[in-house]
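Single-structure report; data block below.
Bear in mind that the values in this text are calculations on the coordinates, not laboratory data. Owing to the predicted nature of the structure, the values given are computational and were not obtained by experimental measurement. No Cβ is skipped: glycine too gets one built from the backbone with ideal geometry, and neighbour counts run over all protein chains shown.
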Amino acid sequence: MAKILVIDDERSIRNSMKDILTFEKHEVLVAENGMEGLIAVKTEKPDLVFCDIKMPNMEGIEVLERIKEFSRDTPVVMISGHGTIDTAIEAIKKGAYDFIEKPLDLNRILITIKNATDKTQLIQETQTLKNKVSKKYEMIGHSEALEKVKEMIDKVAISDARVLITGPNGCGKELVSRQLHEKSNRRENAFIEVNCAAIPSELIESELFGHEKGSFTSAIKQKKGKFELANGGTIFLDEIGDMSLNAQAKVLRVLQENKISRIGGDGDIQVDVRIIAATNKNLKEEITKGNFREDLYHRLSVIIINVPSLRERKEDIEDLIAYFISEICTEMRISPKTMTPEAIELMKSYEWSGNIRELRNVVERLIILCGSVITAEDLKQYK
């Protein structure tokens, strides 16, 4: 059950709430003034705080403000025998979870506790999930080539500058885009990925900008495009070198005006989106061939981050192997396997034309087909 702190200068209120909540199987702490309450919040880390508004020396609103300075996610319920609508509004604006008037109603208290603890659990689960997602997109390795990329990410992430990520297939361009988003001020908002090469040219505009109902034969309802869905966050245009010239012109308009128009729509829609693009093509050559707009290239390439191929960072291969073995064995719910030093050296000698993606596939194949220790002979047989 929940750990609950009651802050109230009236002994009778403290004791009655402690008796009631203890009977309901909660762990209850009490404090007779604001300073004691603040110390208890810092040391005991309660799941929920009930705080009286009218107290000597330090009033409840000040206690609330100070709790929120160092424990933002702790729900605080304000209680008062002299409550007004204005007081309740002020408390909620300053971060209170709820406001309850005295005399206290038992059912109201119990419902508030359940709702508040459910919310706290949801926040904790969300944070755990975010940490798992963040770890999934961690960049593994300590080579000089990779460290330069990480350093560039740290410098660029905090700005809204457009970034063009270049590099061969499978080298980790998506990881770079994710890191740019996670380390930016937009990290709490959406990250929308669009694989421009996977969407047919006749559908790309609908995917990016959306459409109104009836704007074409299969448009049976209104649809928001990826730019709208990414509003306030980041959109990642992967393989932008494969985008049609017509769609490129529409993207250029977004970059120039921060506006989009749905297919079949009459008005413009304002969007606030950071654009990150990636390609495995030489866009300057594509411009010469007439396949890519030069003005769009210059708009996108404020910052260029080149991701090295695995051949250029072979010293990271051992770290990547260890990471993939741990990840894949965890997914398969089996004991972690090991790889002999000879097998690791053999892995380092390969060209890895498919880069990190190919390396992961090979590690997964070896885990499935080999015993608990993966040897060089296994590698020669199954690579």
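In order along the range 333-338, phi translates into HN-Hα couplings of 6, 10, 5, x, 9, 10 Hz, rounded to whole numbers, per the Karplus curve 6.51 cos²θ - 1.76 cosθ + 1.60 with θ = phi - 60° and x for Gly and Pro.
Label the chain by shape, choosing from rounded, prolate and oblate, from the square roots a ≥ b ≥ c of the eigenvalues of the Cα gyration tensor; if a/c is under 1.5 it is rounded, and otherwise prolate applies when a/b is larger than b/c, oblate when it is not. The shape class here is oblate. Using all Cα-Cα distances in the range 41-108, what percent lands in each 5 angstrom bin from 0 up to the longest? Histogramming the range 41-108 at 5 Å steps yields 4, 18, 30, 26, 16, 6, 1 percent. Among Phe236, Phe23, Phe191, the ranking by other beta carbons within 10 Å of each residue's beta carbon, starting with the fewest, stands as Phe23, Phe191, Phe236. Across 5 Å bins from the origin, how do the percents of Cα pairs in the range 174-255 run, short distances first? Going from the shortest bin to the longest, the percentages are 3, 15, 22, 23, 20, 12, 4, 2, 0.
3J(HN,Hα) couplings calculated from phi for the range 35-49 with the Karplus curve 6.51 cos²θ - 1.76 cosθ + 1.60 (θ = phi - 60°) are, in sequence order, 5, 4, x, 4, 4, 5, 4, 5, 8, 9, 6, x, 7, 7, 10 Hz; Gly and Pro show x. Expressed as a fraction of 2.2 N^0.38 Å, the value expected for a compact globular protein of N residues, the C-alpha radius of gyration of the range 3-133 is 1.02.
For the range 3-133, what's the relative contact order in percent, using C-alpha pairs closer than 8 Å and at least 6 residues apart?
Result for the range 3-133 is 20 percent.
Legend: ranking of residues Met78, Met55 from fewest to most surrounding C-beta atoms inside 10 Å; resulting order Met55, Met78.
Sorted on the mean count of surrounding Cβ atoms within 10 Å across their residues, most packed first, peptides 244-252, 33-41, 114-122, 165-173 read 165-173, 33-41, 244-252, 114-122. Backbone amide hydrogens, once placed in the peptide plane, bring Val28 within less than 5 Å of Ile4, excluding anything fewer than 5 places away on its chain.
Extending 7 Å from the Cα toward the beta-carbon at both Ile140 and Ile304 defines two label points whose distance is 3.0 nm.
A full extension of the chain between Ser16 and Lys380 corresponds to an added length of 123.6 nm, given 0.36 nm per residue minus the alpha carbon distance. Summing Lys and Arg as +1 and Asp and Glu as -1 over all other residues whose Cβ lies under 11 Å from the Cβ of Ala219 gives a net charge of +3. Across the range 55-64, computed HN-Hα scalar couplings (Karplus, 6.51 cos²θ - 1.76 cosθ + 1.60, θ = phi - 60°) run 9, x, 6, 9, 6, x, 4, 5, 4, 4 Hz from first to last residue, x flagging Gly and Pro.
Around the amide H of Gln222, modelled in the peptide plane, lie the amide H atoms of Lys213, all under 5 Å away and 5 or more residues distant in sequence or on another chain. Taking the number of Cβ atoms within 10 Å of each Cβ as an exposure proxy, the fewest-first ranking of Ile356, Ile344 is Ile344, Ile356.
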